[in-house]
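Comments concern the structure below.
The values are calculated or read from the model by the stated rules, or taken from the named source; none is laboratory data. If you're wondering where the values come from, they're calculated on a predicted model, not measured in any experiment. Reconstructed Cβ throughout: ideal geometry from the backbone, glycine too, with neighbour counts over all protein chains shown. Side chains included, ligands, DNA and RNA excluded: accessible areas come from the protein's heavy atoms. Shrake-Rupley method; radii C 1.70, N 1.55, O 1.52, S 1.80 Å.
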Protein chains: 2
Amino acid sequence: MEVVEVLHMNGGNGDSSYANNSLVQQKVILMTKPITEQAMIDLYSSLFPETLCIADLGCSLGANTFLVVSQLVKIVEKERKKHGFKSPEFYFHFNDLPGNDFNTLFQSLGAFQEDLRKHIGESFGPCFFSGVPGSFYTRLFPSKSLHFVYSSYSLMWLSQVPNGIENNKGNIYMARTSPLSVIKAYYKQYEIDFSNFLKYRSEELMKGGKMVLTLLGRESEDPTSKECCYIWELLAMALNKLVEEGLIKEEKVDAFNIPQYTPSPAEVKYIVEKEGSFTINRLETSRVHWNASNNEKNGGYNVSRCMRAVAEPLLVSHFDKELMDLVFHKYEEIISDCMSKEKTEFINVIVSLTKIN
Amino acid sequence: MEVVEVLHMNGGNGDSSYANNSLVQQKVILMTKPITEQAMIDLYSSLFPETLCIADLGCSLGANTFLVVSQLVKIVEKERKKHGFKSPEFYFHFNDLPGNDFNTLFQSLGAFQEDLRKHIGESFGPCFFSGVPGSFYTRLFPSKSLHFVYSSYSLMWLSQVPNGIENNKGNIYMARTSPLSVIKAYYKQYEIDFSNFLKYRSEELMKGGKMVLTLLGRESEDPTSKECCYIWELLAMALNKLVEEGLIKEEKVDAFNIPQYTPSPAEVKYIVEKEGSFTINRLETSRVHWNASNNEKNGGYNVSRCMRAVAEPLLVSHFDKELMDLVFHKYEEIISDCMSKEKTEFINVIVSLTKIN
């Protein structure tokens, strides 16, 4: 499985689409706003760029992609008015893997811009938009071409399934029953990937450039902690039920592993300092309930749909597409049951960085 | 009909796709190479940019889009080696209307880059790519952000069907039987559009920036000349045959007009000089046979397929989608017949420009 080729959120605007099942991600963008705001204000009022170049890495598509844009435009508009300056030109780069549905994103840009003008008037911008397909674990932009890098709920994805974890049997992610070698392999891949990410971004950012990165993580120092692994453990349970029912071969599940790592703040800090291109302005965690909807009744349904929008293309690359309805139905049942018994939250790790030199 | 919303080449990689039916356009890119080359060499060896920012406006998708990229990279590589410089970073912007199939374009980028490295080695670039959705009759890029603008077989498309041509009955483009007011309205729209194009590009180009623009045009000063109007006249004939057969209502054809204008070099010169932002380095015409394939036998088939890849989305926005096979079958018959009797060529107008100041 080539992660670059198969990882993407479900496209389009349909029932299983990411665009219609990404309330958790929306909530997280809103929760992180104070940190984004501080970083952008600091950046703007130290550089006053004529053209403000911003990249959203792992932008996906839908309302969340545009929420980030409008948040950033509003922050800058407020700040530049304070200084009595005219609005900068905004240059937004939407990055995601080539499998992302850029067509749908591009075709909804017109309506979004109209909407934005309705909300904040005509005096900002102009705004320019580009789509940049590719892995953020490679170079994506010319040297010193960006002021601000934003990424929300993307950087926990690894560039590949870690090598040497064939012995992670019965699991699809790190779990309490995973051999220690599996845990180490996961961390090693994360350290390589995140270090590369920092190195490449430091080449692309201008002097004084900033990044605000939010990712799924954990507070505990135990990488197999329930707070980060449980959601995948439940998916493994759903898959294993289909194994019991003879619908999936056991070896198939044994050979499947999620290319993700949910780091602790200490791990993030360690890698940033070791890599050396950035200083940390803020490093925080927050929590968000698995079910971001106000409708508590359909919790299991909402969570499984959200996870489906995120993970289905990965699963389809390995398992029979025909089984997906069944897998996610089982998953929903399991999630519902567990949500009725315990507190289920995702942990977000948020880090705000400034490029050194 | 909103041209911005409906005009795009047929997407994907299928039988009717633009990607598989654009040999004429390929031939024209190859024919224009000496002019592109001269402009790029002049640009590179006067600015020696560290990052070379290039936009292909109306890029569409498929082999032609990549042919332009590899042509430009090769030209610069040859030149920079002459000067003993290291390769610049290349920053390619692919622009087209939001209906263009950017997903297919983005998903074929990886293979293209591998191919390019195989052909010219590893020493160039790196190359960065972005997709920019939007009409080139609006601003698309930040101020002074581009070195080189390239556009092939796109600028004859107008931003809209000219106003006030309801009386162009029985025709779908300018024709000998069109009222003079129709011809004037077409030219007026072209002058507005091309002037806007020049104004916006002059804002986006850096000092010394250049453009090489190739478009369908004519040599004659008569805008209804056969050399530019015949291909659409034959499509009108096909549509009118379906009117005769009762499959399309006459009013439907009366109300349909192609949003295109095929200018003479003199008209291009007049508008460039009137707008005032650019000097003309070269202004030439060339000819290319309707059937660019080496296979002369299936001329009518090839030409109608090529025209279908270009015009089908426009037609579908106005006529019944179900009729398209029939329309293009008739069109093929008519084209075949006419190709057997006369010389059928497109006229290309090529202009190479440098931004003043």
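Within the range B:135-158, the set of residues being facing chain A (nearest Cβ under 8 Å) and either within 25 Å of B:Pro263 (Cβ to Cβ) or open to solvent by less than 10 Å² (accessible area, probe 1.4 Å) (or both) comprises B:Arg139, B:Leu140, B:Phe141, B:Pro142. When the range A:115-128 is examined, which residues are found to be open to solvent by less than 20 Å² (accessible area, probe 1.4 Å) and more than 13 Å from chain B (Cβ to nearest Cβ)? If the condition is that a residue be open to solvent by less than 20 Å² (accessible area, probe 1.4 Å) and more than 13 Å from chain B (Cβ to nearest Cβ), then A:Leu116 is the only one that fits.
When the range B:78-103 is limited to residues that are of a type in the set (D, E, K, R) and surrounded by 23 or more Cβ atoms within 10 Å (Cβ to Cβ), the one that is modelled with the highest pLDDT turns out to be B:Asp96. For beta carbons closer than 8 Å, sequence separation of 6+ or different chains, a first residue in the range A:264-280 that is over 16 Å from A:Lys355 (Cα atoms) and a second that is of a type in the set (Val, Ile, Thr) and open to solvent by 30 Å² or more (accessible area, probe 1.4 Å), the qualifying pairs are A:Pro265/A:Thr285. Summed over the range B:210-249, residues that are within 25 Å of B:Ile29 (Cα to Cα), without any contact (Cβ under 8 Å) to a residue 60 or more places away in the chain and buried (at least 17 other Cβ atoms within 10 Å of the Cβ) total 3. The single residue among A:Met40, A:Met31 that is open to solvent by less than 10 Å² (accessible area, probe 1.4 Å) and away from chain B (no Cβ under 14 Å) turns out to be A:Met40.
A quick yes/no check of all residues on (1) assigned to a helix (DSSP H, G or I); (2) among the hydroxyl-bearing types (Ser, Thr, Tyr):
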site: B:Leu155; (1), (2): no, no
site: B:Ser159; (1), (2): no, yes
site: B:Ile165; (1), (2): no, no
site: B:Asn168; (1), (2): no, no
site: B:Ile172; (1), (2): no, no
site: B:Thr177; (1), (2): no, yes
site: B:Ser181; (1), (2): yes, yes
site: B:Glu191; (1), (2): yes, no
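Residues being of a type in the set (Phe, Trp, Tyr), outside any loop (DSSP other than H, G, I, E, B), out of contact with any strand residue (DSSP E or B) (no Cβ under 7 Å at 6 or more places or on another chain) and within 26 Å of B:Asp101 (Cα to Cα) are represented in the range A:58-68 by at least one member. Could you say which residue among B:Phe112, B:Phe106 is assigned to a helix (DSSP H, G or I), within 13 Å of another protein chain (Cβ to nearest Cβ) and open to solvent by less than 10 Å² (accessible area, probe 1.4 Å)? Among B:Phe112, B:Phe106, only B:Phe106 is assigned to a helix (DSSP H, G or I), within 13 Å of another protein chain (Cβ to nearest Cβ) and open to solvent by less than 10 Å² (accessible area, probe 1.4 Å). Regarding B:Gly131, is this residue within 22 Å of A:Glu204 (Cα to Cα) and within 8 Å of another protein chain (Cβ to nearest Cβ)? Spelling it out, B:Gly131 is indeed within 22 Å of A:Glu204 (Cα to Cα) and within 8 Å of another protein chain (Cβ to nearest Cβ).
Let's see how each residue does on (1) farther than 19 Å from B:Lys27 by Cα; (2) modelled with pLDDT under 85:
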| residue | (1), (2) |
| --- | --- |
| B:Tyr261 | yes, no |
| B:Glu273 | yes, no |
| B:Phe278 | yes, no |
| B:Ser286 | no, no |
| B:Glu296 | no, yes |
| B:Ser304 | no, yes |
| B:Leu315 | yes, no |
| B:Tyr331 | yes, no |
| B:Cys338 | yes, yes |
